[in-house]
1. From the phi angles alone, apply the Karplus equation (6.51, -1.76, 1.60; θ = phi - 60°) to the stretch 54-59 and give each ³J(HN,Hα) in whole Hz, x where the residue is Gly or Pro.
2. For His126 and Ile106 in one chain, what is 0.36 nm times their gap in residues minus the Cα-Cα distance, to one decimal in nm?
3. Tell me, what HN-Hα J-couplings in whole Hz come from the Karplus equation 6.51 cos²θ - 1.76 cosθ + 1.60 at θ = phi - 60° for each residue of the stretch 110-123, using x for Gly and Pro?
4. Describe numerically, in nm with one decimal, the distance between label points set 7 Å from Cα along Cα→Cβ at Asn92 and at Ala118.
5. Kindly rank 114-126, 18-30, 68-80, 50-62 from highest to lowest mean number of other beta carbons found within 10 Å of each residue.
6. Which FRET efficiency value, to the nearest 0.05, is calculated for Ala26 and Lys62 with the Förster distance at 25 angstrom and r the Cβ-Cβ distance?
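Values in this text are rule-based calculations from the coordinates and carry no lab data. Owing to the predicted nature of the structure, the values given are computational and were not obtained by experimental measurement. Positions of Cβ are generated from backbone atoms using ideal geometry, with glycine treated the same way; all protein chains shown enter the neighbour counts.
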Amino acid sequence: MTQQMSPTPFRQAFFHGTRADLQVGALIVAGNASNYGAGHAAGHNYFSGTLDAAIWGAELAKGEGAGRIYVVEPTGDHEDDPNLTDQKFPGNPSQSFRSRAPLRIIGEVVGWHGHPEAQIASMKAHIDELEAAGIRAMDD
């Protein structure tokens, strides 16, 4: 007996971690200050298909506000994030992407749990070391 596949109403969920306080329906656009590299405007919007990667985005985002994670919908083409794929992690296990097109906020994840403080501090120290060594995120 062959099982027939029926269409599913579910689509891939994408997430964006930040400290910005935004509203459902708002667009996240490229050109805002990057979380990596002082004074650098990001040429892309970054997002992920995994909640864990978005949590890291919220925890590492610059600013004083609370970390927030939005469910987003890309409005245009997107590609694998070269900062996290192939060179550091073969393939794209974190499902990290970037796009020059806006991301539309369609919801917010609430009640998420972050990483341990020591792990966050270690990651921030590593980012500072990379920046001090002149190694910048790719955002051409």
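1. Karplus-based 3J(HN,Hα) across the stretch 54-59 equals 5, 4, 4, x, 5, 6 Hz.
2. Details: separation 20, 0.36 × 20 = 7.20 nm, distance 3.25 nm.
This chain segment gains 4.0 nm when fully extended.
3. With coefficients 6.51, -1.76 and 1.60, one gets 10, x, 6, 10, x, 7, x, 3, 5, 5, 5, 4, 5, 5 Hz.
4. Reported label-point gap for Asn92 and Ala118 is 3.4 nm.
5. Details: 114-126: 11.5, 18-30: 14.0, 68-80: 16.9, 50-62: 18.9.
Highest to lowest by the protection proxy: 50-62, 68-80, 18-30, 114-126.
6. Numbers: r = 19 Å, r/R0 = 0.77.
Given R0 = 25 Å and the Cβ-Cβ separation, E is 0.85.
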